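The values are calculated or read from the model by the stated rules, or taken from the named source; none is laboratory data. Source: prediction; values computed, not measured. We place every Cβ from the backbone using ideal geometry, glycine too, and count neighbours over all the protein chains shown.
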């Protein structure tokens with residue numbers, strides 16, 4: 001029963017990422033950027049260490065789906081992975097959660113432009 | 001300065017003829033902001049959109065000029081002609097278009113249902129007998145001067161503006177054929193900066209800060225031993241506008257796992273863009289870009305006076321707009337454009353990573369402009385000092401002063 005409950009949150013095979021489910025609830029890159037800023041670096045490092053090695057498996061699954069068609073557990077997994085686009089800046093580049101010297105929280109809104117803009 | 005920064009033109013030398021200091025109050029005093037608003041922003045051409053924002057007949061979008069409080073509508077009529085209007089019903093002043101964008105053959109005010117064509121003509125007044133004193137021909141939507149150049153849509157709030165092509169001058173000739181339209185897709189990032197707008201232009205006008213401020217981000221990608229302070233190459237003065245070329249470090253490759261994953265994802269497309277550039281195709285292959293054929297070209301950094309920056313890189317371009325709303329407050333729009341939208345989830349992830357990376361580099365600059373505002377405000381009798389490598393800053397800030405002072409803009413443009 002427990003496995004079934006878990007698979008409702010993330011696709012089967014990704015139960016190891018369940019502890020990061022909060023990242024899967026964030027709908028926009030602006031929200032992910034804010035969460036990165038307000039999460040301690042060691043927690044970002046944990047997330048990074050868990051998700052980075054799973055990138056090939058994640059996209060083996062998600063790239064069998066058309067962009068825009070994800071729902072439920074797969075959409076959550078994708079949003080979580082988009083969180084890594086933010087977390088990687090902190091872990092790989094700055095070695096701190098925020099951009100150095102920038103006030104935080106620093107909000108930047110994003111929208112897509114043009115035909116078939118990226119779904120963020 | 002290294003010799004490499006003195007290539008080609010006399011631009012650098014003539015830039016040094018302009019003042020090497022700038023009073024703090026030009027960045028902190030709201031009376032000065034009011035002069036910039038009234039004498040510069042209300043009298044100059046301002047790039048506000050791309051034609052791709054309203055591609056089809058009857059497409060419309062709202063636009064804002066936050067500096068002067070303008071709420072506008074940009075609309076393409078049935079013949080494909082672009083027009084701009086104040087978003088204001090002639091009856092009781094209501095901003096009648098409420099959607100950010102859409103497609104419509106007419107605009108109807110939600111308050112009392114006055115109806116306008118996309119040509120701005122007042123077409124209908126319910127209970128018209130009550131308004132027999134209103135001359136329809138005089139009460140259409142109020143137009144704003146609107147012209148396009150190479151896909152950029154410009155507006156001008158002046159009653160009789162100088163022609164757009166006079167304003168663009170040699171810039172317009174040089175960059176007229178750059179195929180911006182081949183790069184129609186991307187993202188727009190918007191935010192409020194707690195600093196002066198000129199500081200944002202100045203932050204892109206010198207490479208001197210790259211080795212310190214951007215040491216973790218941009219620096220490893222562009223640093224080469226022979227140009228330790230990233231002097232710009234081939235600076236060119238094009239009337240009010242400028243352009244300069246920057247190289248990259250050909251040895252640089254990302255070493256961290258996620259950055260490498262992103263590179264592997266985009267590598268084929270990027271190599272194709274480099275091939276196109278070598279073949280003189282695409283945005284970076286245009287003859288006006290990297291005129292000196294710098295090997296390892298990275299950025300052509302263009303200032304479109306007064307408040308736009310355009311940065312052309314091998315596979316993309318950035319368009320940044322800075323709109324002051326006070327001496328210490330700037331609304332910003334940063335657009336990143338590409339040739340094609342991501343096709344897979346992996347490519348969307350890579351795009352999100354690249355966008356976050358670009359945003360963070362610009363955020364490093366924004367952080368400095370905000371700290372600069374604090375420092376300059378603290379000492380209003382103080383000044384900024386410009387070095388020899390900061391010649392573009394000297395010229396830009398001098399041009400603003402000249403524009404504000406000029407009563408005859410045509411003459412001022414001729415004298416440049």
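Is it the case that residue A:107 is within 16 Å of residue B:363 (Cβ to Cβ), at the interface with chain B (Cβ under 10 Å from one of its Cβ atoms) and assigned to a helix (DSSP H, G or I)? Against the criterion (within 16 Å of residue B:363 (Cβ to Cβ), at the interface with chain B (Cβ under 10 Å from one of its Cβ atoms) and assigned to a helix (DSSP H, G or I)), residue A:107 does not qualify.
For the subset of region B:316-337 comprising residues that are touching a helix residue (DSSP H, G or I) at 6+ places or on another chain (Cβ under 8 Å) and within 11 Å of chain A (Cβ to nearest Cβ), which member is farthest from residue B:299 (Cα to Cα)? Ranking the qualifying residues of region B:316-337, first place goes to B:332.
Please verify whether residue A:34 is within 7 Å of another protein chain (Cβ to nearest Cβ) and buried (at least 16 other Cβ atoms within 10 Å of the Cβ), treating the condition exactly as stated.
For residue A:34, the condition - within 7 Å of another protein chain (Cβ to nearest Cβ) and buried (at least 16 other Cβ atoms within 10 Å of the Cβ) - is not met.
For region B:201-230, the set of residues classified as over 27 Å from residue B:255 (Cβ atoms), touching a helix residue (DSSP H, G or I) at 6+ places or on another chain (Cβ under 7 Å) and more than 14 Å from chain A (Cβ to nearest Cβ) consists of B:201, B:202, B:205, B:206, listed by residue number. For region B:25-46, does any single residue satisfy the condition of being farther than 26 Å from residue B:397 by Cβ and either touching a residue at least 60 places away in the same chain (Cβ under 8 Å) or touching a helix residue (DSSP H, G or I) at 6+ places or on another chain (Cβ under 9 Å) (or both)? For region B:25-46, residues farther than 26 Å from residue B:397 by Cβ and either touching a residue at least 60 places away in the same chain (Cβ under 8 Å) or touching a helix residue (DSSP H, G or I) at 6+ places or on another chain (Cβ under 9 Å) (or both): absent.
Looking across B:237, B:322, one residue alone is in a strand (DSSP E or B), at pLDDT below 95 and within 28 Å of residue B:387 (Cβ to Cβ). It is B:237.
Return the residues of region B:213-228 that are touching a residue at least 12 places away in the same chain (Cβ under 8 Å) and closer than 23 Å to residue B:370 by Cα; say none if nothing qualifies.
B:213, B:214, B:217, B:218
Working only within region B:357-381, note down all residues that are within 7 Å of chain A (Cβ to nearest Cβ) and closer than 14 Å to residue B:216 by Cβ. Within region B:357-381, B:357, B:360, B:363, B:364, B:367 meet the criteria. Answer yes or no as to whether residue B:332 is farther than 30 Å from residue A:58 by Cβ, over 18 Å from the mean Cα position of the chain (by Cα) and modelled with pLDDT of 95 or more. The answer is no for residue B:332.
Checking the stated criteria, residue A:49 turns out not to satisfy the condition of being away from every other protein chain (no Cβ under 12 Å), free of Cβ contacts under 8 Å to residues at least 24 places away in the same chain and out of contact with any helix residue (DSSP H, G or I) (no Cβ under 6 Å at 6 or more places or on another chain). For region B:389-416, the tally of residues that are under 21 Å from residue B:236 (Cα atoms) and not in a helix (DSSP H, G or I) stands at 1. Region B:128-198 holds strands (runs of 3 or more DSSP E) entirely within its bounds, and those carrying 2 or more residues that are in contact (Cβ under 8 Å) with a residue 12 or more places away in the chain, more than 14 Å from chain A (Cβ to nearest Cβ) and surrounded by 15 or more Cβ atoms within 10 Å (Cβ to Cβ) map to B:143-149, B:152-156. Tallying residues that are assigned to a loop (DSSP other than H, G, I, E, B), touching a strand residue (DSSP E or B) at 6+ places or on another chain (Cβ under 7 Å) and at pLDDT 95 or above within region B:1-43 yields 1.
Among the residues of region A:1-24, those that are assigned to a helix (DSSP H, G or I) and modelled with pLDDT under 85 comprise A:2, A:3, A:4, A:5, A:6, A:7. The listed residues are A:60, A:85, and the only one of them that is under 22 Å from residue B:343 (Cβ atoms), more than 9 Å from chain B (Cβ to nearest Cβ) and modelled with pLDDT of 95 or more turns out to be A:60.
Residue B:252 meets all of the listed conditions (1) modelled with pLDDT of 95 or more; (2) closer than 30 Å to residue A:49 by Cβ; (3) in contact with a helix residue (DSSP H, G or I) (Cβ under 7 Å, 6 or more places away or on another chain) but one, namely (1).
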